[in-house]
Amino acid sequence: MAAFFHNGLFAGGEKDESAADAGEAGRIMRITGAVKIFGNEPHTFVGIITADGKRYGVSPREKEAAIRRLQGRAVEFTARLLEKPEGNAALFLKDGTVEPLSWRIADD
């Protein structure tokens, strides 16, 4: 049954093309979005949701901890797009994972 599910539903389906999959890892970008906490306790992680619906995970954990207190705020980030993380798939949201380099609150 699992083989049928895999072959029947995914063989001709669309590939999820994220920015990191498209070979843009390492690119510096500006993102303005709301900081949101994803997951369930005790396994939560920080993400950014932009006005146009893009979703980015935040890594490394040290930067995630600093940004966590900005939950619900609109923030402007300068960030580096990371490759898809191997060890922690939870950090990979649909549009990729970023390492924030600098940020400022945009909703003041």
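The values are calculated or read from the model by the stated rules, or taken from the named source; none is laboratory data. Computed from a prediction, not measured in an experiment: that's the story for all the values here. Cβ sites come from the backbone with ideal geometry, for glycine too, and all protein chains shown count toward neighbours.
Structural remarks
- Subset of the range 70-100 that is in contact with a Lys or Arg (Cβ under 7 Å, 6 or more places away or on another chain) and of a type in the set (D, E) - its residue that is modelled with the highest pLDDT: E76
- Screening A51 on (1) at pLDDT below 90; (2) more than 18 Å from I28 (Cβ to Cβ); (3) of a type in the set (G, A, S) shows it passes everything except condition (1).
- Within the range 5-40, tally of residues that are assigned to a loop (DSSP other than H, G, I, E, B) and either within 18 Å of A79 (Cα to Cα) or at pLDDT 90 or above (or both): 10
- When the range 46-58 is filtered for residues that are under 11 Å from the mean Cα position of the chain (by Cα) and either surrounded by 20 or more Cβ atoms within 10 Å (Cβ to Cβ) or assigned to a loop (DSSP other than H, G, I, E, B) (or both), the ones remaining, listed by number, are V46, G47, I48, K54, Y56, G57, V58.
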